[in-house]
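Mind having a look at this structure? Questions to follow.
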Amino acid sequence: MKTEDLIASLAAEPLPPAGPSLERRAAGGLAAGAFVTLALFAVVLGPRAGLGVALSDPVTLAKTVLPLLLGVLSLGLVLRASRPAAPSGAASKVIWAVPATVAALFAWSFATTAAGQRLADFVGHSIHVCLPSITVLSLPILAGLLTGLRKGAPVNPVRCGALAGLASAGLATAIYSLFCTEDTPLFYGIWYSLGILIVAGLGAILGNRFLRW
């Protein structure tokens, strides 16, 4: 067979069916992980008493809205980071509004809380519950996201994994906040942030292992 005939024959063959897109794979992994996280939350923790009344306070509401916003923005960034040379987009700048708002709330709370009460509010009574819970609730979402992202081609798998960790921890922290009764930014501004950073670090380690080409 001549080369031209072989090329023409190959060109005439139907292409194999395309698999699910990266977005669909990531969405599927996210949905599966979120289902497990919500089930864990419902069985082990559950929402606090008087949740509706508590959320009517904007400062208390912020401890749910801010990590949720962080999670959503990080999801967009991790999808872009999974594609070679994809631009970061506006989310890479907007996301910095979240830690800036947390810092502003912490400073406001520090300034308006009596000096003798600050340390008690900062330490709270549930650090031993807060940090492990955020980490454990994040793990199913992180596992689902990393599974979905393995078909991607991130240039920097460490960064991609860290963003997956941020997304997972942001969503999990928003869920955990519905249980937590520590409503001062002196507490959640620090300890929620630490929990999120722990999961982001774990995501970076796992990304380096599982998201390489």
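Between SER82, SER88, SER92, which is in contact with a Pro (Cβ under 6 Å, 6 or more places away or on another chain), at pLDDT below 90 and farther than 28 Å from PHE179 by Cβ? Working first, answer last.
On the way: SER88 fails: in contact with a Pro (Cβ under 6 Å, 6 or more places away or on another chain); SER92 fails: in contact with a Pro (Cβ under 6 Å, 6 or more places away or on another chain).
That would be SER82, the only listed residue that is in contact with a Pro (Cβ under 6 Å, 6 or more places away or on another chain), at pLDDT below 90 and farther than 28 Å from PHE179 by Cβ.
Can you report the number of residues in the range 185-211 which are more than 11 Å from LEU166 (Cβ to Cβ) and either basic (Lys, Arg) or without any contact (Cβ under 8 Å) to a residue 40 or more places away in the chain (or both)?
So the answer is 1.
Filter the range 76-110 for residues that are part of a loop (DSSP other than H, G, I, E, B), surrounded by fewer than 18 Cβ atoms within 10 Å (Cβ to Cβ) and either free of Cβ contacts under 8 Å to residues at least 24 places away in the same chain or under 17 Å from the mean Cα position of the chain (by Cα) (or both) and give the result. Reasoning before the result, please.
Initial filter on the range 76-110 (part of a loop (DSSP other than H, G, I, E, B)): 82-90, 95-96.
The next check asks that each one be surrounded by fewer than 18 Cβ atoms within 10 Å (Cβ to Cβ); those that pass are 83-90, 96.
Residues satisfying the conditions are ALA86, PRO87, SER88, GLY89, ALA90, TRP96.
Which residues, taken from the range 34-68, are under 30 Å from GLY148 (Cα atoms), surrounded by fewer than 17 Cβ atoms within 10 Å (Cβ to Cβ) and not aliphatic (A, V, I, L, M)?
PHE35, GLY46, PRO47 - these are the residues of the range 34-68 that are under 30 Å from GLY148 (Cα atoms), surrounded by fewer than 17 Cβ atoms within 10 Å (Cβ to Cβ) and not aliphatic (A, V, I, L, M).
Please note which helices (runs of 4 or more DSSP H) are completely contained in the range 111-213 and include at least 2 residues that are polar (S, T, N, Q).
Working: elements: 115-123, 127-149, 157-177, 185-210.
The qualifying helices (runs of 4 or more DSSP H) are 127-149, 157-177, 185-210.
Collect the residues in the range 148-177 that are among the hydroxyl-bearing types (Ser, Thr, Tyr) and in contact with a Lys or Arg (Cβ under 8 Å, 6 or more places away or on another chain), keeping them in residue-number order. Walk me through how you get there before you give the answer.
Of all residues in the range 148-177, those among the hydroxyl-bearing types (Ser, Thr, Tyr) come to 168, 173, 176-177.
Listed by number, the list holds a single entry, SER177.
Considering (1) of a type outside the set (Asp, Glu); (2) in contact (Cβ under 8 Å) with a residue 40 or more places away in the chain; (3) assigned to a helix (DSSP H, G or I); (4) within 28 Å of ALA32 (Cα to Cα), say which one ARG48 fails and leave the rest.
(3)
Here are the criteria: (1) out of contact with any Leu (no Cβ under 9 Å at 6 or more places or on another chain); (2) closer than 25 Å to ALA31 by Cα. Tell me which single one ALA114 does not satisfy.
Every listed condition holds for ALA114 apart from (2).
The values are calculated or read from the model by the stated rules, or taken from the named source; none is laboratory data. As the structure is a prediction and not an experimental result, all values here were calculated from the model. Ideal geometry is used to build each Cβ from the backbone, glycine not excepted, and the neighbour counts take in all protein chains shown.
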